[in-house]
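A.B. asks: The following block contains the structure, expressed as structure tokens.
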Amino acid sequence: MTTLSASESAELNHLLDTRQPNYGLPRQFYHDEMLYQAEMEAIWRQDWLFAGHSCQIPQPGDYFLYEVEGDSIIIVRGDDGKVNAFYNVCRHRGSVICQEPQGSVRRFICPYHQWTYDRNGRLLLQRGMQEGLDKSQLGLHAAQAREVEGMIFISLASEPVNFDPVEAVIGPEARPQGLARGRVAKIMDFEVESNWKLVWENNRECYHCNVNHPQYIKANFDHYNVDDTIPRVAERLKAVTTRLEFKLTTLGMSVRDEAGLTEFPDPDHGIWYAANRTPLVEGYVSETMDGRQVAPLMGDYKDPDVGTLRIRSLPNFWIHASCDHSVAVRLTPHGIARTSIRMIWLVDSKAEEGRDYDLEKLLPFWLLTAEQDWQICANQQRGVSSRAYTPGPLSTYKEYNLDRFLRWYIQEMKAYFAP
Ligand code: FES
Ligand SMILES: [Fe+2]
């Protein structure tokens, strides 16, 4: 049920029709406040959002907050060990309840008049209120929460799309990586002056990698694309893939993709989540500056040479995992021209900083890549905000995934705002 008026809805549908296939988005998509609010409604308050990692809340009562454009969500481990998500809004007069971004509670006590809720969101105490109020009707408003192999997803939709297929796809791929047995080595938060779609658009192509990510392309094959590589490169990609396939088969694991940037998303088949493993460049066993292992092996790995595992889920999550560490990225829109981005570096739960790994070796590869990307996105935001900007053509060789992302986006919006 949309909150747009009939004329706004008509205007929006008209705007959505202005995108030409295989071109970028027109300026309004990065500029129009009504459109931004419509995206919040159709995508961000409907879809499944990655919120954080299970090890951030290991014990009952441990919580962290996830702020999703106006809604503060408490992600808490309940007494039964399951993850719950509640709106951080008191059922009395609406004060936020948790003020600290993370912590551990026995009960949730509202700071205003001390209404008190248990860790499953039930109202326990409302001192000073008259008899006869039905406490069972005054529990915290809940959101949906699911935990898959150490990854916590939430949805603010009252009837979210089925999450089971997501779990079926990413669960088995993630299991050998041992994400559920990981621990946080570092969390870093960034405020990037860029619309959230630009951050995805940049993520979905490696056309920019050769010049902008000199260290990234030493480790990865993403800047080669299956359909435009010269025979010599194609042979090399085939060779590394065959070698990794053979290796993983002997380790009892699957390799699901050739080297290079895999196709994602697939709006024609409703695919907004995916997981695949892909080879690293010869001599690299980890996405680190020199390709060497920098922390103990994660999960079930007995051998560092397992390529890299990638998981992604629209609209807000991707993770790159090497044999020894994993880096999760969470996007959250923060106004039309700003995105809050959280990066979470994970290592094996038994790894100790200083003894088993050093942040100086663990962080630079992805930190550098990320900072290069955030700068690119901010540059693009400045450009597309200009009245002179008009969408240009996309490379069918190198930006096919960007086109897929934009088609997914238009489709999501149209499905929700269908007249
Ligand atoms: S607003 Fe929370 S107790 Fe009054
Ligand atoms: Fe990049």
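A.B. asks: If I go through segment 83-101 residue by residue, how many of them are under 21 Å from the mean Cα position of the chain (by Cα) and loosely packed, with under 14 Cβ neighbours inside 10 Å?
C.D. replies: 1
A.B. asks: Of all residues in segment 119-138, count the ones that are more than 30 Å from PHE317 (Cα to Cα), within 16 Å of ligand 1 (Cβ to nearest atom) and either in a loop (DSSP other than H, G, I, E, B) or not basic (Lys, Arg) (or both). Can you show your working first?
C.D. replies: Going residue by residue through segment 119-138, those that are more than 30 Å from PHE317 (Cα to Cα) are 122-138.
Restricting the remaining residues to those that are within 16 Å of ligand 1 (Cβ to nearest atom) gives 122-130, 133, 135, 137-138.
Narrowing the set further to residues that are either in a loop (DSSP other than H, G, I, E, B) or not basic (Lys, Arg) (or both) leaves 122-130, 133, 137-138.
Going through segment 119-138 one residue at a time, the tally reaches 12.
Conditions tested, residue by residue: (1) modelled with pLDDT of 95 or more; (2) more than 24 Å from VAL148 (Cβ to Cβ); (3) not acidic (Asp, Glu).
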residue: THR2; (1), (2), (3): no, yes, yes
residue: ASP17; (1), (2), (3): yes, yes, no
residue: PRO26; (1), (2), (3): yes, yes, yes
residue: ALA38; (1), (2), (3): yes, yes, yes
residue: GLY61; (1), (2), (3): yes, no, yes
residue: ASN88; (1), (2), (3): yes, no, yes
residue: SER95; (1), (2), (3): yes, yes, yes
residue: GLN99; (1), (2), (3): yes, yes, yes
residue: PHE108; (1), (2), (3): yes, yes, yes
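A.B. asks: Taking the stated definitions as given, is GLY139 at positive phi and more than 16 Å from ligand 2 (Cβ to nearest atom)?
C.D. replies: No; evaluated as a whole, the condition is false for this residue.
A.B. asks: Any residue at all in segment 27-42 that's open to solvent by 10 Å² or more (accessible area, probe 1.4 Å), in a strand (DSSP E or B) and more than 16 Å from ligand 1 (Cβ to nearest atom)? Don't jump to the end; show me each part of the working.
C.D. replies: Step one: filter segment 27-42 for residues open to solvent by 10 Å² or more (accessible area, probe 1.4 Å), giving 27-28, 31-34, 37, 41.
If we keep only those that are in a strand (DSSP E or B) as well, we get none.
Looking for residues that are open to solvent by 10 Å² or more (accessible area, probe 1.4 Å), in a strand (DSSP E or B) and more than 16 Å from ligand 1 (Cβ to nearest atom), one finds none in segment 27-42, hence no.
This table checks each residue for (1) at pLDDT 95 or above; (2) closer than 30 Å to THR249 by Cβ; (3) more than 16 Å from ligand 2 (Cβ to nearest atom); (4) of a type in the set (Lys, Arg).
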position: ASP305; (1), (2), (3), (4): no, yes, yes, no
position: ARG338; (1), (2), (3), (4): yes, no, yes, yes
position: ASP348; (1), (2), (3), (4): yes, yes, yes, no
position: GLU371; (1), (2), (3), (4): yes, no, no, no
position: ILE376; (1), (2), (3), (4): yes, no, no, no
position: TYR409; (1), (2), (3), (4): yes, no, yes, no
position: GLU412; (1), (2), (3), (4): yes, no, yes, no
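A.B. asks: Give me a count of the residues in segment 341-359 that are of a type in the set (Gly, Ala, Ser) and open to solvent by less than 30 Å² (accessible area, probe 1.4 Å).
C.D. replies: Just the residues of segment 341-359 that are of a type in the set (Gly, Ala, Ser), to begin with: 349, 351, 354.
Checking which are open to solvent by less than 30 Å² (accessible area, probe 1.4 Å) leaves us with 351.
The total comes to 1.
A.B. asks: (1) more than 14 Å from ligand 1 (Cβ to nearest atom); (2) closer than 29 Å to ILE344 by Cα; (3) not in a loop (DSSP other than H, G, I, E, B): which one isn't true of GLN46, the others all being true?
C.D. replies: With respect to (1) more than 14 Å from ligand 1 (Cβ to nearest atom); (2) closer than 29 Å to ILE344 by Cα; (3) not in a loop (DSSP other than H, G, I, E, B), GLN46 is out only on (3).
A.B. asks: Output the number of residues of segment 111-141 satisfying the condition of being closer than 12 Å to ARG91 by Cβ, surrounded by fewer than 16 Cβ atoms within 10 Å (Cβ to Cβ) and of a type in the set (Gly, Ala, Ser).
C.D. replies: Counting residues in segment 111-141 that are closer than 12 Å to ARG91 by Cβ, surrounded by fewer than 16 Cβ atoms within 10 Å (Cβ to Cβ) and of a type in the set (Gly, Ala, Ser) gives 1.
A.B. asks: Let me ask something additional. Residues being open to solvent by 80 Å² or more (accessible area, probe 1.4 Å), assigned to a loop (DSSP other than H, G, I, E, B) and either away from ligand 2 (no atom under 14 Å from the Cβ) or modelled with pLDDT under 90 (or both): count how many of those fall in segment 205-241. Explain how you work it out, then say what you get.
C.D. replies: Taking segment 205-241 and keeping what is open to solvent by 80 Å² or more (accessible area, probe 1.4 Å), we get 207, 210-211, 218, 226-227, 230-232, 235-236, 238.
Filter again for assigned to a loop (DSSP other than H, G, I, E, B), leaving 207, 226-227, 230.
Restricting the remaining residues to those that are either away from ligand 2 (no atom under 14 Å from the Cβ) or modelled with pLDDT under 90 (or both) gives 226-227, 230.
Going through segment 205-241 one residue at a time, the tally reaches 3.
A.B. asks: Restricting attention to segment 365-398, which residues are more than 29 Å from THR229 (Cα to Cα) and surrounded by 14 or more Cβ atoms within 10 Å (Cβ to Cβ)?
C.D. replies: ALA378, GLN381, VAL384, SER385, TYR389, listed by residue number.
A.B. asks: If you check VAL148, VAL161, which single one turns out to be open to solvent by 20 Å² or more (accessible area, probe 1.4 Å) and of a type in the set (Val, Ile, Thr)?
C.D. replies: One residue alone meets the criteria, VAL161.
A.B. asks: Still on this structure, I have one more. When LEU362 is evaluated against the numbered criteria (1) more than 19 Å from the chain's Cα centre (by Cα); (2) under 27 Å from VAL148 (Cα atoms); (3) open to solvent by 20 Å² or more (accessible area, probe 1.4 Å); (4) not small (Gly, Ala, Ser), which criterion, by number, is the only one it fails?
C.D. replies: Checking LEU362 against (1) more than 19 Å from the chain's Cα centre (by Cα); (2) under 27 Å from VAL148 (Cα atoms); (3) open to solvent by 20 Å² or more (accessible area, probe 1.4 Å); (4) not small (Gly, Ala, Ser), the one that fails is (3).
A.B. asks: Hey, another quick one. If VAL169 satisfies every condition in (1) open to solvent by less than 50 Å² (accessible area, probe 1.4 Å); (2) farther than 26 Å from GLU39 by Cβ; (3) modelled with pLDDT under 95 but one, which is the exception?
C.D. replies: (2)
A.B. asks: Moving on to the next point. Of the residues ARG404, ARG387, which single one is of a type in the set (Lys, Arg) and within 23 Å of HIS334 (Cα to Cα)? Show your work before the answer.
C.D. replies: On the way: ARG404 fails: within 23 Å of HIS334 (Cα to Cα).
Of the residues listed, the single one that is of a type in the set (Lys, Arg) and within 23 Å of HIS334 (Cα to Cα) is ARG387.
A.B. asks: Looking at the structure I just gave you, is CYS323 away from ligand 2 (no atom under 16 Å from the Cβ), open to solvent by less than 10 Å² (accessible area, probe 1.4 Å) and modelled with pLDDT of 95 or more?
C.D. replies: Numbers: away from ligand 2 (no atom under 16 Å from the Cβ): yes; open to solvent by less than 10 Å² (accessible area, probe 1.4 Å): yes; modelled with pLDDT of 95 or more: yes.
So CYS323 passes the test.
A.B. asks: Here is a follow-up. Could you tell me whether any residue of segment 59-77 is assigned to a helix (DSSP H, G or I) and not small (Gly, Ala, Ser)?
C.D. replies: Within segment 59-77, the first condition is being assigned to a helix (DSSP H, G or I), and the residues that meet it are none.
Scanning segment 59-77, I find no residue that is assigned to a helix (DSSP H, G or I) and not small (Gly, Ala, Ser), so the answer is no.
A.B. asks: For segment 193-248, which positions are under 30 Å from GLU33 (Cα atoms) and polar (S, T, N, Q)?
C.D. replies: SER194, ASN195, ASN202, ASN203
A.B. asks: For residues that are touching a residue at least 24 places away in the same chain (Cβ under 8 Å) and assigned to a loop (DSSP other than H, G, I, E, B), tally how many sit in segment 101-117.
C.D. replies: So the answer is 4.
A.B. asks: While we're here: Can you name every residue in segment 67-83 that is in contact with a Phe, Trp or Tyr (Cβ under 9 Å, 6 or more places away or on another chain) and within 20 Å of LEU179 (Cα to Cα)? Before you say what the answer is, go through the steps one by one.
C.D. replies: Of segment 67-83, the ones in contact with a Phe, Trp or Tyr (Cβ under 9 Å, 6 or more places away or on another chain) are 68-69, 71-77.
Listed by number, the residues that qualify are ILE75, VAL76, ARG77.
The values are calculated or read from the model by the stated rules, or taken from the named source; none is laboratory data. The structure presented is a predicted model; accordingly, all values stated were derived computationally and were not measured. Every residue, glycine as well, gets a Cβ built from its backbone with ideal geometry; the counts of neighbours run over all protein chains shown. Remember, those area values only see protein heavy atoms, side chains included, never the ligands or the DNA or RNA. Shrake-Rupley method; radii C 1.70, N 1.55, O 1.52, S 1.80 Å.
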